Amino acid sequence: MMMPALAVPMTSAQTAHCPTMPWQAGAVVSAEQVKSAPTDRWFTSEPIPDAVFARMRGKSYPDGCSVPRSSLRYLRVLHVDAEGQVKMGEMVCNKAIAADLISIFRKLYEQRYPIQSIRLIDDFGADDETSMRANNTCCFCFRQVKGSRKLSAHARGMAVDINALYNPYLRRLRNGQEVVQPANARAYCNRSQKFAYKIERGDLLYRLFIQHGFRWGGAWRSVKDYQHFEK
């Protein structure tokens, strides 16, 4: 198991969050490294740092974005994948739900609920399909609802897509055709099957989001968006 290098110089902001290693979403964290700092230091929320905003500009935060930077927050969290590896994650969300998400993801981590990837959608060129195919979990992206001119809840940073490959978006058209997103997730539209990273009504993730006032796309009637929680 390869660990991220620890000799990389850290900024003061990184040191404030975790004194033992620089933050890199997707990096595997050992048990010893987790113990090197209090749990609170691994689950943080702050205004968007300049370095993060530079990654977002022209991607999730395009020219003409009507959402003020000041209304967004940058989160750092730990998560556990299906193989039991602890990983660093990062997310941008609306400040109105930042405390909710910190609480939710901390409890998911403590209970070892599997989440494969929590990375900014900017790492995928702010392309929703590419991020979903990678089974990524993310929140903010200034974009319209697919097939509409209406802004998505993601555009305000008020919606989270979780384990997106295994919990796809499904819409049945009047002509009988089905729209599945991501396109390679058709097998996971059969919710009677058991598979890794599947979100189910009543599981821990579902209960936590509902307790914090979110709505689940998997409960919608006209479409099913099993990865989607919004507030």
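The values are calculated or read from the model by the stated rules, or taken from the named source; none is laboratory data. All of these numbers come straight from a predicted model, not from anything done at the bench. Cβ sites come from the backbone with ideal geometry, for glycine too, and all protein chains shown count toward neighbours. What goes into the accessible areas is simple: the full protein's heavy atoms, side chains included, and nothing from ligands, DNA or RNA. Shrake-Rupley method; radii C 1.70, N 1.55, O 1.52, S 1.80 Å.
What is the number of the single condition among (1) in contact with a Gly (Cβ under 9 Å, 6 or more places away or on another chain); (2) of a type outside the set (F, W, Y); (3) at pLDDT below 95 that S36 does not meet? For S36, the failing item is (1).
Within region 84-113, being assigned to a loop (DSSP other than H, G, I, E, B), farther than 17 Å from A25 by Cα and either open to solvent by 20 Å² or more (accessible area, probe 1.4 Å) or among the polar types (S, T, N, Q) (or both) holds for K95, A96, Q111, R112, Y113.
Here F229 does not fit the description of being touching a helix residue (DSSP H, G or I) at 6+ places or on another chain (Cβ under 8 Å), aromatic (F, W, Y), in a loop (DSSP other than H, G, I, E, B) and open to solvent by less than 40 Å² (accessible area, probe 1.4 Å).
For residues that are over 17 Å from I102 (Cβ atoms) and open to solvent by 30 Å² or more (accessible area, probe 1.4 Å), tally how many sit in region 31-60. Break it down into steps so the answer makes sense when it comes.
If we filter region 31-60 for residues that are over 17 Å from I102 (Cβ atoms), which is where we start, we get 31-33, 35-36, 50-51, 53-60.
Subset that is open to solvent by 30 Å² or more (accessible area, probe 1.4 Å): 31-32, 35-36, 50-51, 54-55, 57-59.
Residues flagged as over 17 Å from I102 (Cβ atoms) and open to solvent by 30 Å² or more (accessible area, probe 1.4 Å) within region 31-60 amount to 11.
Say we look at region 201-226 and pick out the residues that are closer than 14 Å to D161 by Cα and of a type outside the set (F, W, Y); which of these is most open to solvent (accessible area, probe 1.4 Å)?
So the first thing to find is which residues in region 201-226 are closer than 14 Å to D161 by Cα, and the list is 205-206, 209, 214-218, 224-226.
Now drop any that are not of a type outside the set (F, W, Y), which leaves 205, 215, 217-218, 224-225.
On the way: L205: 0, R215: 134, G217: 0, G218: 7, K224: 57, D225: 18 Å².
Here the residue is R215.
For region 36-72, residues that are within 21 Å of L151 (Cα to Cα), polar (S, T, N, Q) and in a helix (DSSP H, G or I) total 2.
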